[in-house]
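Q: Okay, here's the structure, questions in a sec.
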Amino acid sequence: MLDIKHIDPELLVALEDRPDFDIWQNLPETRVKLKKFAESLDAHLPIMDHVVFADYQIPEAGDNADLRVRVYRPVKTDGPLPGLLWIHGGGYVMGSIDVEVGLMQRLVDEVGCVVVSVEYRLAPEHPYPAPLDDCYQALAWLFARSAELGIDEENVAIGGISAGAGLASGLALMARDRGDYRIVYQLLLCPMLDDLNEQPSTHMDLTGIGWDRRSNQKGWQAYLAGHYDANVHDYAVPSRVDDLSRLPPAYLSVGSLDLFLDENLRYARRLLAAEVPTELHVFPGGMHGFEYRVPGARLSSRAHYLNYEILRHAFRR
């Protein structure tokens with residue numbers, strides 16, 4: 001097991017409170033348990049009355065008649081605001097927009113934007129391309145409803161955490177190639193980008209600490225419908241894409257004790273080589289998703305501060 005002394009001390013509470021069960025033994029049951037756990041974490045953040053939210057159904061979302069998005073916005077606005085399409089994490093198999101209320105309200109309040117969070121379908125019941133298609137439909141809906149939502153359609157970014165950031169990366173590639181929508185920025189927090197598990201950090205022993213090698217393999221197998229290590233489409237696995245040029249500017253952040261450390265470093269270097277303006281931050285002692293798991297820790301506060309500052313700069317606010 002990884003020496004615990006390397007973890008930021010304030011993050012140790014996440015290890016003490018982490019649910020102790022095999023998440024893969026019964027995935028439907030795991031989703032329920034982890035949703036309750038995530039809701040308990042989010043409940044520590046105060047609800048903001050001056051940031052309201054409402055759910056919408058997207059009726060034109062292809063074969064997903066139940067696609068739901070949640071829109072967060074400030075009560076008081078002065079004209080159209082920048083928009084962020086946010087994509088939750090969960091290894092492509094878990095997660096929900098229902099467990100991020102406090103965090104999304106705080107983001108809206110700090111940045112001064114409108115957030116549209118998408119409840120995409122989950123693998124293995126709905127493997128690629130269903131989750132990414134849902135995200136694209138949500139992006140299309142955001143632009144189509146921009147006037148109603150009070151969003152400046154010339155100032156729209158995409159972002160996410162973990163698998164959500166992986167989907168955001170795929171979405172940026174898809175939007176570039178289709179040319180339907182202009183994205184000004186991509187906020188990629190510990191993105192899940194590479195299905196091969198060949199980078200050095202994927203061999204770290206993260207037992208009991210966070211998303212580990214076994215979970216990563218199973219998550220990718222579910223998302224890629226069992227075709228693990230196959231020649232899959234670039235949108236499904238952004239690390240496999242040959243051409244990263246003409247993508248929106250990007251910010252990547254990752255903890256030093258994250259399975260995704262090396263694949264994130266490599267992706268950032270490749271973006272830079274493709275002349276995509278890119279910023280990268282590695283947080284010493286941070287495990288996967290630490291800023292969500294322990295939002296009150298000082299390291300998490302630094303991570304959130306940078307997220308807000310990055311978006312304000314991207315939105316020219």
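Q: Hey, can you tell me all the residues within the stretch 59-93 that are within 23 Å of residue 31 (Cβ to Cβ), surrounded by fewer than 23 Cβ atoms within 10 Å (Cβ to Cβ) and of a type in the set (A, V, I, L, M)?
A: Scanning the stretch 59-93 gives 61, 65.
Q: Give the stretch 140-187 a look and list any residue that's free of Cβ contacts under 8 Å to residues at least 60 places away in the same chain and under 21 Å from residue 243 (Cβ atoms), or say none.
A: 175, 177, 178, 179, 180, 181, 182, listed by residue number.
Q: Does residue 234 count as surrounded by fewer than 19 Cβ atoms within 10 Å (Cβ to Cβ), more than 27 Å from residue 209 (Cβ to Cβ), in contact with a helix residue (DSSP H, G or I) (Cβ under 8 Å, 6 or more places away or on another chain) and not aliphatic (A, V, I, L, M)?
A: yes
Q: Ok, one more. Looking only at residues in the stretch 136-159 that are within 16 Å of the chain's Cα centre (by Cα) and closer than 19 Å to residue 68 by Cβ, which one is surrounded by the fewest Cβ atoms within 10 Å (Cβ to Cβ)?
A: By that ranking, first place goes to 139.
Q: Run down 239, 245 and say which single residue is without any contact (Cβ under 8 Å) to a residue 60 or more places away in the chain, surrounded by fewer than 15 Cβ atoms within 10 Å (Cβ to Cβ) and out of contact with any Lys or Arg (no Cβ under 6 Å at 6 or more places or on another chain).
A: 245
Q: If residue 39 satisfies every condition in (1) more than 27 Å from residue 260 (Cα to Cα); (2) out of contact with any Pro (no Cβ under 7 Å at 6 or more places or on another chain) but one, which is the exception?
A: Only one criterion is unmet by residue 39, namely (1).
Q: Out of the residues in the stretch 16-56 that are aromatic (Phe, Trp, Tyr) and in a loop (DSSP other than H, G, I, E, B), which is modelled with the lowest pLDDT?
A: Ranking the qualifying residues of the stretch 16-56, first place goes to 21.
Q: What about residue 133, is it in contact with a helix residue (DSSP H, G or I) (Cβ under 8 Å, 6 or more places away or on another chain) and surrounded by fewer than 24 Cβ atoms within 10 Å (Cβ to Cβ)?
A: no
Q: Residue by residue through the stretch 185-215, note down the ones that are surrounded by fewer than 19 Cβ atoms within 10 Å (Cβ to Cβ) and of a type in the set (Val, Ile, Thr).
A: 207
Q: Give me the residue from the stretch 57-114 that is modelled with pLDDT under 95, β-branched (Val, Ile, Thr) and outside any loop (DSSP other than H, G, I, E, B) and, out of that set, nearest to residue 146 (Cα to Cα).
A: 101
So that you can scan it fast, the table gives a plain yes or no per residue for (1) outside any helix (DSSP H, G or I); (2) within 17 Å of the chain's Cα centre (by Cα); (3) surrounded by 16 or more Cβ atoms within 10 Å (Cβ to Cβ); (4) not hydroxyl-bearing (Ser, Thr, Tyr):
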residue	(1), (2), (3), (4)
272	no, no, no, yes
284	yes, no, no, yes
306	no, yes, yes, yes
309	no, no, no, yes
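Q: Still on this model: Looking only at the stretch 286-304, which residues are among the basic types (Lys, Arg) and surrounded by fewer than 18 Cβ atoms within 10 Å (Cβ to Cβ)?
A: 298, 302 - these are the residues of the stretch 286-304 that are among the basic types (Lys, Arg) and surrounded by fewer than 18 Cβ atoms within 10 Å (Cβ to Cβ).
Q: Using the structure shown, decide if residue 276 is in contact with a helix residue (DSSP H, G or I) (Cβ under 8 Å, 6 or more places away or on another chain) and of a type outside the set (Asp, Glu).
A: Taking the combined requirement at face value, the residue does not satisfy it.
The values are calculated or read from the model by the stated rules, or taken from the named source; none is laboratory data. Only a predicted model underlies this, so the values are computations on that prediction, with no experimental measurement involved. Every residue, glycine as well, gets a Cβ built from its backbone with ideal geometry; the counts of neighbours run over all protein chains shown.
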